[in-house]
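Below: one structure, written as structure tokens.
The values are calculated or read from the model by the stated rules, or taken from the named source; none is laboratory data. Bear in mind the structure is a predicted one, so any value in this text is a computation, not a measurement. Every residue, glycine among them, receives a Cβ derived from its backbone with ideal geometry; neighbour counts consider all protein chains shown.
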């Protein structure tokens, strides 16, 4: 696994020293990035179980449950917005380690908090989000500064798929046996492993003092459109994925059947990232990122409108895969347009701005208009995403 970093312009020639340091880490550095990616993107895997546990085990209503997850994601967004412009000025290994360490402590704190102490749960969710957003910004910025960001991000996606199988296969059973706090023990364990991995082997991209004073170029307009497009897809993903477990249970499909569907989703998620990596030079990225939101909206309609198990299960099992496949191409395109790594370092902000709105927005829609309204709104968001992605390649 190639984790060495390379400068791409004469103005960034001083980055070569840190590139050599990262290269010496070899497989260990790559493994640390994969673990950090999985820990930082835990919301993408855990949303249905997370919201479902807050509703089922903690007896919160959909809006309250969605708000807690939204606070976590909003914290990650604000943190990413603060740290991503500082990617090349701060020690990446130290920042990633500190962030995951704080997240570990925050989730351990939630374990001991009961649902009648909702404000404390809210504060701890926000703190965990701020910490994770910091670590994930340095993780994605490091991937973006690698020799082949598209390929390395595809490998990270494969790692996330493997993690999803383990998480979705084991966590619902643990929650059923030990109650809602078991979910946050699992989260704390994941963050703890990431803390150790980052401390031992995270590739450092800390630049020299002279580089810290260099004015980095502003983002091209295409970069901003690409960011908004990713945010739109993330909004649909979190808005619907937060309630996909409850949709199945409330329609009488049964706990075992819904859990099996989530496990199937984890298995399917093994494939989109490596396939996207293989197709990097064979398929036009512009076409992929424009088709992705449309497919996502169609699946959302099937999930929310279906009254029988088979269509629900089929659409749910591939729903997250569409986001993973499309985002891999979008990540590679953004990394090529902005070679400083700052655009992809803002990946948590892109993903989690949409994802932060999604749970509470989706909870409000469900509370007011039922599950069917999620599919209709998904179609409208898809139209906005296609418009934004159509301008991703229009750069000076």
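If a residue has to be under 24 Å from residue 46 (Cβ atoms) and modelled with pLDDT of 90 or more to count, how many in the range 276-300 make the cut?
7
Taking the stated definitions as given, is residue 85 free of Cβ contacts under 8 Å to residues at least 40 places away in the same chain and either in a helix (DSSP H, G or I) or under 28 Å from residue 318 (Cα atoms) (or both)? So that I can check it myself, show each step before the final result.
Values: free of Cβ contacts under 8 Å to residues at least 40 places away in the same chain: no; either in a helix (DSSP H, G or I) or under 28 Å from residue 318 (Cα atoms) (or both): yes.
Spelling it out, it is not the case that residue 85 is free of Cβ contacts under 8 Å to residues at least 40 places away in the same chain and either in a helix (DSSP H, G or I) or under 28 Å from residue 318 (Cα atoms) (or both).
I need the full set of residues from the range 64-92 which are within 13 Å of residue 347 (Cα to Cα) and buried (at least 23 other Cβ atoms within 10 Å of the Cβ), in order please.
Filtering the range 64-92 for residues within 13 Å of residue 347 (Cα to Cα) gives 73, 76-85, 87.
Within the range 64-92, 73, 76, 77, 79, 80, 83, 84, 87 qualify.
For residue 316, all conditions in the list (1) modelled with pLDDT of 90 or more; (2) farther than 16 Å from residue 46 by Cβ; (3) surrounded by 24 or more Cβ atoms within 10 Å (Cβ to Cβ) hold save one; what is the number of the exception?
All conditions are met except number (2).
Within the range 104-113, is there a residue that is modelled with pLDDT of 85 or more, over 21 Å from residue 167 (Cβ atoms) and under 21 Å from the mean Cα position of the chain (by Cα)?
Taking every residue of the range 104-113 in turn, none turns out to be modelled with pLDDT of 85 or more, over 21 Å from residue 167 (Cβ atoms) and under 21 Å from the mean Cα position of the chain (by Cα).
Out of curiosity, is residue 160 modelled with pLDDT under 90, in contact with a strand residue (DSSP E or B) (Cβ under 9 Å, 6 or more places away or on another chain) and either over 18 Å from residue 47 (Cβ atoms) or assigned to a helix (DSSP H, G or I) (or both)?
On the way: modelled with pLDDT under 90: yes; in contact with a strand residue (DSSP E or B) (Cβ under 9 Å, 6 or more places away or on another chain): no; either over 18 Å from residue 47 (Cβ atoms) or assigned to a helix (DSSP H, G or I) (or both): yes.
Against the criterion (modelled with pLDDT under 90, in contact with a strand residue (DSSP E or B) (Cβ under 9 Å, 6 or more places away or on another chain) and either over 18 Å from residue 47 (Cβ atoms) or assigned to a helix (DSSP H, G or I) (or both)), residue 160 does not qualify.
Can you tell me which residue among 142, 97 is in contact with a strand residue (DSSP E or B) (Cβ under 8 Å, 6 or more places away or on another chain) and in contact (Cβ under 8 Å) with a residue 24 or more places away in the chain? Steps first, answer last, please.
Details: 97 fails: in contact with a strand residue (DSSP E or B) (Cβ under 8 Å, 6 or more places away or on another chain).
Criteria check complete, one pass: 142.
Could you run through the range 98-139 and say how many residues are out of contact with any helix residue (DSSP H, G or I) (no Cβ under 9 Å at 6 or more places or on another chain) and either at positive phi or not in a helix (DSSP H, G or I) (or both)? Write out each step before concluding.
Narrowing the range 98-139 to residues out of contact with any helix residue (DSSP H, G or I) (no Cβ under 9 Å at 6 or more places or on another chain): 116-117, 119.
Still in the list and also either at positive phi or not in a helix (DSSP H, G or I) (or both): 116-117.
Count: 2.
Please count how many residues of the range 203-244 are in a loop (DSSP other than H, G, I, E, B) and at pLDDT 90 or above. Don't jump to the end; show me each part of the working.
Residues of the range 203-244 in a loop (DSSP other than H, G, I, E, B): 203-208, 213-220, 242-243.
Remaining after also requiring at pLDDT 90 or above: none.
Count: 0.
Just to be sure before I move on: is residue 303 out of contact with any strand residue (DSSP E or B) (no Cβ under 8 Å at 6 or more places or on another chain), under 20 Å from residue 366 (Cβ atoms) and either modelled with pLDDT of 85 or more or surrounded by fewer than 16 Cβ atoms within 10 Å (Cβ to Cβ) (or both) in the structure I sent? Please lay out each step first, then the result.
Working: out of contact with any strand residue (DSSP E or B) (no Cβ under 8 Å at 6 or more places or on another chain): yes; under 20 Å from residue 366 (Cβ atoms): yes; either modelled with pLDDT of 85 or more or surrounded by fewer than 16 Cβ atoms within 10 Å (Cβ to Cβ) (or both): yes.
The answer is yes for residue 303.
I'm trying to understand the selection: among the residues of the range 336-347, which are part of a helix (DSSP H, G or I) and either buried (at least 24 other Cβ atoms within 10 Å of the Cβ) or at pLDDT 80 or above (or both)?
Here is the first cut: in the range 336-347, the ones part of a helix (DSSP H, G or I) are 336-337, 342-345, 347.
Across the range 336-347, the qualifying residues are 343, 344, 345, 347.
Would you check which residues across the range 245-295 are within 22 Å of the chain's Cα centre (by Cα) and not in a helix (DSSP H, G or I) and list them?
269, 270, 271, 279, 280 - these are the residues of the range 245-295 that are within 22 Å of the chain's Cα centre (by Cα) and not in a helix (DSSP H, G or I).
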